[in-house]
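The values are calculated or read from the model by the stated rules, or taken from the named source; none is laboratory data. Treat the numbers as computed from the prediction; the structure is a model and nothing was measured. Here the Cβ positions follow ideal geometry from the backbone for every residue, glycine too, while neighbour counts run over all protein chains shown. When the accessible area is computed, the model is the full protein with side chains, heavy atoms only, and any ligands, DNA or RNA have been set aside. Shrake-Rupley method; radii C 1.70, N 1.55, O 1.52, S 1.80 Å.
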Amino acid sequence: MKQALIFLFLLNILAVPANAQIADTSYLQNVKKELNALWPKNRTINLVFHGHSVPAGYGDRHEVNTLRSYPNLLLKVLKEKYPYAVINVIVTAIGGENAIKGAARFESDVLAHKPDVLFIDYALNDRFAPLDKTKEAWETMIRQAQAKNIKVILLTPSPDQRTDITDPANPLDPYAEQIRLLAKQYQTGLADPYPVFKKIVKAGELKKYMASVNHPNEAGHLIITETIKPYFY
């Protein structure tokens, strides 16, 4: 299994054009311009969060902490910066889902909302599916979004306390790296909280950021929010 992941990882690297780059903080320049517009020249900006239980806001014992999850924490931050903006946060995430299932319902459940910015967050569950199949699913969603001129920001995973993410052989690392390579290949945005959580694990403080074994609490969601913020500032 480990050798297969390494082989697929090398194939991913070879598939990325040499001149491809992850989008920098100017990526949402036009969106930021719209967010600064005043009535009657403004319009509603749709931010769509597609993924699994983490963006959905799941916490402990199936409780859903919508207002303490990163989509709505980001909304709070954005409303402080853009007080005149009309912003819709739309969460299309489903608990327990991986990218393969998310791609299957992408057109009907995501594109129908006409996102201005799309966030994709599936890696935590993708680790239970083949790396190449999840790559195909992410690419399908990215391409469909970009065909409609939708700005895309990919997210690396938050942690699961059952997995030691400081171990180089842990199952999440190849999926996190695949997301970085996809962001580079397709020149999308990238929110990368995974290395931040690695530092927290090394410090022995992960429990302070987790509501359950595999769901962040508000402090954990704030870490994810902080990795998104630079694209809007």
Does the range 132-139 contain any residue that is in contact with a Phe, Trp or Tyr (Cβ under 8 Å, 6 or more places away or on another chain), within 21 Å of LEU35 (Cβ to Cβ) and among the aromatic types (Phe, Trp, Tyr)? no
Residues of the range 137-182 being among the small types (Gly, Ala, Ser) and under 11 Å from the mean Cα position of the chain (by Cα), in sequence order, are SER158, ALA176
Out of the residues in the range 185-199 meeting the condition of being open to solvent by less than 30 Å² (accessible area, probe 1.4 Å) and not hydroxyl-bearing (Ser, Thr, Tyr), tell me which one is nearest to ASN149 (Cα to Cα). GLY189
Give just the number: which of (1) open to solvent by 70 Å² or more (accessible area, probe 1.4 Å); (2) polar (S, T, N, Q); (3) touching a helix residue (DSSP H, G or I) at 6+ places or on another chain (Cβ under 9 Å) does GLN29 not satisfy? (3)
ARG68 meets each of (1) touching a residue at least 60 places away in the same chain (Cβ under 8 Å); (2) more than 27 Å from TYR175 (Cα to Cα); (3) within 18 Å of the chain's Cα centre (by Cα) with one exception, condition (2)
Contacts under 7 angstrom Cβ, first residue in the range 187-216 being within 18 Å of THR227 (Cβ to Cβ), partner aromatic (Phe, Trp, Tyr), 6 or more apart: GLY189/TYR27; GLY189/TYR231; ILE200/TYR209; HIS215/TYR58; PRO216/TYR209
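Test THR140 against the stated conditions and say whether it is of a type outside the set (Lys, Arg), closer than 29 Å to ASN46 by Cβ, touching a helix residue (DSSP H, G or I) at 6+ places or on another chain (Cβ under 7 Å) and surrounded by fewer than 22 Cβ atoms within 10 Å (Cβ to Cβ). Full working, then the answer.
On the way: of a type outside the set (Lys, Arg): yes; closer than 29 Å to ASN46 by Cβ: yes; touching a helix residue (DSSP H, G or I) at 6+ places or on another chain (Cβ under 7 Å): yes; surrounded by fewer than 22 Cβ atoms within 10 Å (Cβ to Cβ): yes.
When the stated conditions are applied, THR140 passes them.
Here is a yes/no grid of residues against (1) closer than 18 Å to GLY51 by Cβ; (2) at pLDDT 95 or above; (3) among the hydroxyl-bearing types (Ser, Thr, Tyr); (4) assigned to a helix (DSSP H, G or I):
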residue	(1), (2), (3), (4)
ALA176	yes, yes, no, yes
ARG180	yes, yes, no, yes
ALA183	yes, yes, no, yes
GLN187	no, yes, no, no
LEU190	yes, yes, no, no
LYS207	no, yes, no, yes
ALA219	no, yes, no, yes
LEU222	yes, yes, no, yes
THR227	yes, yes, yes, yes
When both residues are 6+ apart or on different chains and their Cβ atoms are under 7 Å apart, which pairs have a first residue that lies in the range 148-163 and is under 15 Å from ASP126 (Cα atoms) and among the charged types (D, E, K, R), and a second that is assigned to a loop (DSSP other than H, G, I, E, B) and open to solvent by 10 Å² or more (accessible area, probe 1.4 Å)? ASP160/VAL213; ASP160/ASN214
Is there a residue in the range 110-128 that is of a type in the set (Val, Ile, Thr) and open to solvent by 30 Å² or more (accessible area, probe 1.4 Å)? no
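Tell me yes or no: at least one residue of the range 153-172 is of a type in the set (D, E, K, R) and open to solvent by less than 10 Å² (accessible area, probe 1.4 Å).
yes
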Screening ALA112, ALA93 for residues that are of a type in the set (A, V, I, L, M) and in contact with a helix residue (DSSP H, G or I) (Cβ under 9 Å, 6 or more places away or on another chain) leaves only ALA93
Quick check on ILE13: is it touching a helix residue (DSSP H, G or I) at 6+ places or on another chain (Cβ under 6 Å), closer than 21 Å to MET141 by Cα and either modelled with pLDDT of 95 or more or outside any loop (DSSP other than H, G, I, E, B) (or both)? no
Only listed residue being under 27 Å from TYR175 (Cα atoms), surrounded by 14 or more Cβ atoms within 10 Å (Cβ to Cβ) and touching a strand residue (DSSP E or B) at 6+ places or on another chain (Cβ under 9 Å), chosen from ILE94, ILE87: ILE94
